[in-house]
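Okay, structure first, notes after.
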Amino acid sequence: MKKAPTSEVPRVHFEQVVSRGCGLDVHEKNVVATVDGAELIRETRTFDTYTGSLNDLRDWLQGHGVTHVAMESTGVYWKPVFNILEEDFTVILVNARHLKNVPGRKTDRKDSQWICRLLLAGLLKASFIPEEKIRQLRDVNRYSTKLTQQLASEKNRIQKVLEDANIKLSSVVSNTSGVVSTGIIEGLMAGRTDLEALIDEHYHGKLKVGRAELLKAITGRMTDHHRFMLRQIKHHMAYLESQIAVLQQEVERLLADDRESIELLKTIPGVNTLNAVKMLAEVGTSPEETFGNPKRLAKWAGICPGNNESGGKRMSGRTTHGNKYLKSLLVEAAWAATRTKGTYLRAKYDSMAARKGRKKALLIIGHKILTAAYIVLTARLSYMAYSVEEFERRRNQKRIAHLQNELKGLGIRV
């Protein structure tokens, strides 16, 4: 007779690294917890995610002498659990892709037991969770980034309204948010019809177009509906700008004790104050304690090539997803660095862009900037790089060695 299948995850022999641990399967409304380890009988319980129930979970784990807790990074549901348990236990947050269970045998209880088994065997790799102040800084910065993106969207909406009114202001000026454009748009919103006088009030000699062409561009069909839409968009933009200013004040408060780190990061070409603050919010002020070396940091950020090899053949080396916030700001800093002439990063970009294209070259420069940031924050020293002449000398040496090897392969000795 066949044995009936059990709902429990079967025990297997493994080297136990953690004495007593707990695996948590976290959901929006409940948390399934499994405790196991030395001198313990494996037990699984389900708790609500209310604060009182999470406190009961903490007391239950303490009663069993648990020292380590592991759970998946499920959306934002792990955060309240982590905040309550982090003071009393070593909490390991794990990427969900690293916890794949056996297909076809998935339940909440089995997931919890599987996580507990992996925890006891020391097979879980913890995700980076910065200290509380850095987490707060990260929340403020990411929210500020979202508001900045909304502000850019509102500027685009202004352009759409102007195009609908057949006002071609963007065709004659480089920036529709500049002083001249803003003054003209304000006048059109106010219902002014004396366009020549409006141009005379705001025109200056730095504009590339003449008054006559500018008059043609702003002569359109501006209706009351267009003026109403422009006023609403302007009000929303003013609100967003005020909120971003408030968030910046909070950032300055959180970084009151870390001004030295910001100044050190600003010595890297392409990194301004805003980029330095965002970088600190993502990697913290002591990356060597978390990542150990610049290569691991670059892998976590998703700014270095991935590994995909099978049968001795190198497959796609596309970058991983990584930290999208850090990755985007590194590319932004790389763009700024490539605009600074006479620097090592500019020379490296020119060299890489000719061979790999601009997009890949920007990722390479972003990788260089992240590596420099790691060294700067670890050594607490200002950024120092090769001069352009030194870079050219090293590149020529490599090229000479490469050509010598090719000639040697053809039987020619140099």
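Quick note: the coordinates plus some simple rules give every number you see, no bench work behind them. Here the structure is a predicted model, which means the values were calculated and not measured. Cβ: placed from backbone, ideal geometry, glycine included. Neighbour counts: every protein chain shown.
Here are the numbers:
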quantity	calculated
Relative contact order (%) - the range 134-254, alpha-carbon pairs under 8 angstrom, separation at least six	41 percent
Among Thr148, His236, Thr219 - extreme Cα towards positive end, dipole of the range 134-254, charges at beta-carbon	Thr148
Unit charges on C-beta of K, R, D, E only; dipole of the chain, Debye	2520 debye
Cβ crowding within 10 Å averaged over residues, with 78-89, 30-41 ranked highest first	30-41, 78-89
Alpha carbon centroid spacing (whole Å) that separates the range 320-343 from the range 130-182	20 Å
For the range 256-369, the fraction of alpha-carbon pairs in successive 10 Å shells from zero, as %	14, 41, 33, 10, 2, 0
Relative contact order [Cα under 8 Å, 6+ residues apart], the chain, whole percent	11 percent
Relative packing of 342-348, 173-179, 316-322, 371-377, which averages over residues the other C-beta atoms within 10 Å, highest first	371-377, 342-348, 173-179, 316-322
Kirkwood-type radius of the range 328-414, with distances r between different C-alpha atoms, in Å	14.6 Å
For the range 119-125, Karplus couplings with θ = phi - 60° (6.51, -1.76, 1.60), whole Hz, Gly/Pro x	5, 4, 7, x, 9, 9, 9
Under Karplus coefficients 6.51, -1.76 and 1.60, residue-wise ³J(HN,Hα) of the range 387-395 in Hz, glycine/proline x	6, 4, 5, 5, 4, 5, 5, 5, 5
Translational diffusion of the range 34-184, µm² s⁻¹ [Kirkwood Rh, Cα pairs; Stokes-Einstein; 10 °C; 1.306 mPa s]	81 µm²/s
Listed residue (Phe291, Ala245, Val172) projecting farthest to the positive dipole end of the range 155-298, Cβ model	Val172
Cα-centred dipole magnitude for the range 134-254, charges only on beta-carbon of K, R (+1) and D, E (-1), debye, nearest 20	420 debye
By average C-beta atoms within 10 angstrom, highest first, the peptides 242-248, 116-122	116-122, 242-248
Stokes-Einstein diffusion coefficient of the chain, Kirkwood radius over Cα pairs, 25 °C, 0.890 mPa s, in µm²/s	92 µm²/s
Dimensionless Rg/Rh of the range 20-120 - Kirkwood Rh, Rg from C-alpha atoms	0.92
Alpha carbon Rg of the range 134-254, scaled by the compact-globule rule 2.2 N^0.38 Å	1.26
